[in-house]
Amino acid sequence: MDTQLVGRRISVRFRTSDGAASDVVGRVLAVDPLLRLERRDGTLATVDPDAVLILRVVPDRPLRTRRATAAPVDLIRRIAQRAWPAEESLPLDGWELRHTPGAGPRLNSALALESVDERLLAAARDFYAARGLPPLVEVEAGSALERQAGEFGWRPVGDRTRVLVAQLDRRWPVDAGVSVEAPGRATLRRGDATATVVVTGEWAGVTADDEALLAACLGWAVEAGADKAHARLDPADDESPWRVLGFLDHHDLAYLTSV
């Protein structure tokens, strides 16, 4: 299969194992040995090239109607997890137990989704104890999950993290200094300042030190097919560059520990 398809958005009809036909649309991440596609919501699909019946390249920016501010909280949390995965990640009944040596809470906490029960909390406690770390569980601040965990003695620790979103409905100049590390992932550096952007489906996750770098990364994200962006800010972070470029509050995250 042509390697020039990598990075392009395609529509594929293929034969499934039971002989039926199925379709998938997404951005090509790899073509060998299997065709790997990333859908709009960031989920992955794998297709055997020998099973492909029809393949065509489609426009990078399909019509999308849902605004960034209307996106479900758990969708954004899942997309952020795929954009910045931990070095070690253990799926467990809708949770992700994450560990990255030397990293902060986001990469050393359990991503709690869907439900909380005593068994899952005990698994998180054991997972981090085995790695010499305090148990941490990431939840949406003020959510039912936080209240459920509180019933088992888990309490917030440290400051909340703010999650901002933006609709990328205008174009920014694409900076020639963007270094593309892989399909959908790029970094821009100016002096000591750094910005990183990861496009996952229609979303771009961004970290940046100043407004100019942020705008350059958003420009690259739009060219890569994103029309929404998300970012996480700690209380000490300067929010002004994000506000200038149209980012709005979406939700807060809390980190809980066993007491």
Checklist entry - Are any of the residues in region 198-215 over 19 Å from the mean Cα position of the chain (by Cα) and surrounded by 24 or more Cβ atoms within 10 Å (Cβ to Cβ)? => result yes
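Given region 1-117, what strands (runs of 3 or more DSSP E) lie entirely inside it while holding 3 or more residues that are of a type in the set (Lys, Arg)?
Fully inside region 1-117 and qualifying: 9-15.
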Checklist outcome for this item: Scanning region 126-168 residue by residue, the ones that are farther than 30 Å from Val199 by Cβ and modelled with pLDDT under 95 total 0
Checklist entry - Taking interchain pairs and intrachain pairs at least six residues apart, which have beta carbon atoms under 7 angstrom, with the first residue in region 241-259 and within 30 Å of Pro134 (Cβ to Cβ) and the second crowded, with 16+ Cβ neighbours inside 10 Å and of a type in the set (Ser, Thr, Tyr)? => result Asp252/Thr161; Leu253/Thr161; Tyr255/Ser109
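The rows are residues; the columns are (1) closer than 30 Å to Arg8 by Cβ; (2) of a type in the set (A, V, I, L, M, F, W, C).
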position	(1), (2)
Ala149	no, yes
Arg162	no, no
Val165	yes, yes
Val180	yes, yes
Pro183	yes, no
Ala193	no, yes
Gly201	yes, no
Asp209	no, no
Ala215	yes, yes
Checklist outcome for this item: Arg171: passes all of (1) among the basic types (Lys, Arg); (2) within 16 Å of the chain's Cα centre (by Cα); (3) at pLDDT below 95 but (2)
Checklist entry - Hey, does region 186-194 have a residue that's over 29 Å from Val31 (Cα atoms), in a strand (DSSP E or B), modelled with pLDDT under 95 and hydroxyl-bearing (Ser, Thr, Tyr)? => result yes
Checklist entry - Going by the structure shown, is Ala123 assigned to a helix (DSSP H, G or I), more than 15 Å from Leu253 (Cβ to Cβ), at pLDDT 95 or above and not polar (S, T, N, Q)? => result yes
Item to check | Selection within region 40-99 - among the hydroxyl-bearing types (Ser, Thr, Tyr) and either touching a strand residue (DSSP E or B) at 6+ places or on another chain (Cβ under 9 Å) or modelled with pLDDT of 95 or more (or both) | outcome: Thr43, Thr46, Thr69, Ser89
Checklist entry - Just a yes or no: is a residue in region 170-181 under 28 Å from Val25 (Cα atoms) and aromatic (Phe, Trp, Tyr)? => result yes
Next on the checklist: Within region 71-116, take every residue that is surrounded by fewer than 13 Cβ atoms within 10 Å (Cβ to Cβ) and among the charged types (D, E, K, R) and give me the one that is farthest from Arg232 (Cα to Cα).
Outcome noted: Asp93
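The values are calculated or read from the model by the stated rules, or taken from the named source; none is laboratory data. Small disclaimer: the values here were computed from a predicted structure and weren't measured. Cβ sites come from the backbone with ideal geometry, for glycine too, and all protein chains shown count toward neighbours.
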